[in-house]
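Let me begin by presenting the structure, written as structure tokens, before commenting on it.
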Amino acid sequence: MSDSNLINKAKILVVDDEEDLLDLIKMILKGSLYEVHTTSSGRIALEKLQEENYAVFILDIIMPEISGHELALKIKQIPKYKDTPIVFITGYMDEVEDIFEKYDTYGPVDYMMKPLDYHMLQSKINFLSQLFYQKLALENINKKRLQEIEQRKQIEQQLEERIKELEKELNDRIQAEKSLENQE
């Protein structure tokens, strides 16, 4: 697949300290409508955020260095990711309660329990990717509308200037006619 085809693919970042799980998730999502990036380190994930534009994050909650919760908070501090959905994965039910208690902080969020149901994972990522594509489409429509508005403003300004020119020309002619009438 060429690089030009990858530009429009939704990019998914999966962060988990279990390398086998990362490989399995990447294999399950392979060949889909998105590009899957993986890392076992929250620190490396933070570096990747600057390099790419991700549509969905899949984060393990319990990891060394930076927990999934901490990583989610850091992700949401980056303006371009403030509305980007996060799917947390965990093997502990008590972690799920923390996710929903912090919903206002994380924004769009979901979770999956380990061991993962891979059909459910595929379904969630398909849905979230569709949201990504819809968001891109709306952003493009909005961008075009803003360009149209700007063009219309320029045309209006040109018309106003032309109207002023014509009014001045008309006033000059009226003045000239009055001068001629007064001279007769």
Restricting to Cα pairs below 8 Å that are 6+ residues apart, what does the relative contact order work out to for the chain? Please round to a whole percent. 17 percent
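How charged is the neighbourhood of Leu33? Take every other residue with its Cβ under 13 Å from the Cβ of Leu33, and add Lys/Arg as +1 and Asp/Glu as -1. Present the calculation step by step, with values, prior to reporting the outcome.
On the way: positive: Lys9, Lys11, Lys30; negative: Glu35.
Around Leu33, the charge tally is +2.
How much net charge surrounds Glu167 when only other residues with a Cβ under 12 Å from its Cβ are counted (Lys, Arg +1; Asp, Glu -1)?
Working: positive: Arg162, Lys164, Lys168, Arg173; negative: Glu160, Glu161, Glu165, Glu169, Asp172.
Net charge in that neighbourhood comes out at -1.
Determine Rg/Rh for the chain; Rg is computed over alpha-carbon atoms and Rh is the Kirkwood hydrodynamic estimate from the same atoms. Can you show the working numbers first?
Working: Rg = 28.3 Å, Rh = 20.0 Å.
Ratio value, two decimals: 1.42.
When you count, for each residue, the other Cβ atoms within 10 Å and take the mean per peptide, how do 33-39, 58-64, 117-123 rank with the highest first?
Numbers: 33-39: 18.4, 58-64: 20.4, 117-123: 12.9.
Packing order, densest peptide first, comes out as 58-64, 33-39, 117-123.
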Ordered by packing density, taken as the mean number of other Cβ atoms within 10 Å over each peptide's residues, highest first, how do 17-27, 170-180 rank? 17-27, 170-180
Do any of Lys80/Lys135; Lys48/Lys114; Lys11/Lys82 go past 21 Å between their Cα atoms, and which? Lys48/Lys114
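Each value in this text was obtained by applying a stated rule to the coordinates, not by laboratory testing. Not measured: the values here are computed from a predicted model. Here Cβ is always computed from backbone atoms with ideal geometry, including for glycine, and neighbour counts include all displayed protein chains.
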